[in-house]
Amino acid sequence: MANILIIDDDDQFREMLGQMLECAGYEVILASDGKEGLRLFRKNRVDLVITDIFMPEKDGIEVIMKFRRNFPVKKIIAISGGYRNISPEETLEMVKGFGAKYTFKKPVDRDELLGAIKDLLQEGAV
C-alpha cells in the first residue's frame with residue numbers, strides 16, 4: 001500500500017483529501033505546512049507528495065525544490081487555489097517547472113486526482 005504525504009494549511013481541505021485517499025486504499029500522512037511536511041517526510045516512508053503552494057512557514061514551491069534537490073525520484077502533485085492577484089492557473093504552470101508532475105486547481109476533481117496518483121505510482125519504484 002502506498003504512503004501519501006499531504007501538505008496543506010487548510011485544515012478542512014487537508015482532512016477531506018486525506019479521508020478521500022484513505023477510502024481509495026492509500027495510507028495518508030498529514031502536514032499543515034511545508035516545514036512540518038519535510039519533517040514528516042524524513043520520519044516516514046513516503047511514495048508520493050501532494051502539496052499546496054501558498055502556505056506559512058515553507059510554501060509549496062520551497063517544498064518542491066527541496067524534494068527535487070534532495071530526493072529527486074519522489075513523485076509530486078501540486079494543488080493551488082491561487083493567492084491574492086495570482087490565479088491558480090498561473091501558479092500551477094510555474095510549479096511544473098520546479099518538478100511537480102501533475103497540478104490541480106482547488107477544488108480538486110476526485111477522479112482526475114486519483115488517476116494522477118495511480119499514474120505516478122505506476123511509473124516504477126519510488
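The values are calculated or read from the model by the stated rules, or taken from the named source; none is laboratory data. Bear in mind that the values here come from a model prediction, so they are computed numbers and not experimental data. Heads up, the Cβs are rebuilt from the backbone with ideal geometry, glycines too, and the neighbour counts pull from every protein chain shown.
Counting the residues of the range 24-55 that are among the aliphatic types (A, V, I, L, M) and assigned to a helix (DSSP H, G or I) gives 2. Taken together, L21, L5 contain a single residue that is within 24 Å of G115 (Cβ to Cβ), modelled with pLDDT of 95 or more and part of a strand (DSSP E or B), which is L5. Exactly one residue out of I64, I117 is within 19 Å of E15 (Cα to Cα), buried (at least 16 other Cβ atoms within 10 Å of the Cβ) and either in contact with a Gly (Cβ under 6 Å, 6 or more places away or on another chain) or at pLDDT 90 or above (or both), and it is I117. Just to be sure, is N70 polar (S, T, N, Q) and modelled with pLDDT of 85 or more? Spelling it out, N70 is indeed polar (S, T, N, Q) and modelled with pLDDT of 85 or more. Can you confirm whether A31 is in contact with a Gly (Cβ under 7 Å, 6 or more places away or on another chain), among the small types (G, A, S) and without any contact (Cβ under 8 Å) to a residue 60 or more places away in the chain? Answer is yes for this residue.
In this structure, is A100 out of contact with any Pro (no Cβ under 6 Å at 6 or more places or on another chain), small (G, A, S) and in a strand (DSSP E or B)? No: the conditions fail for A100.
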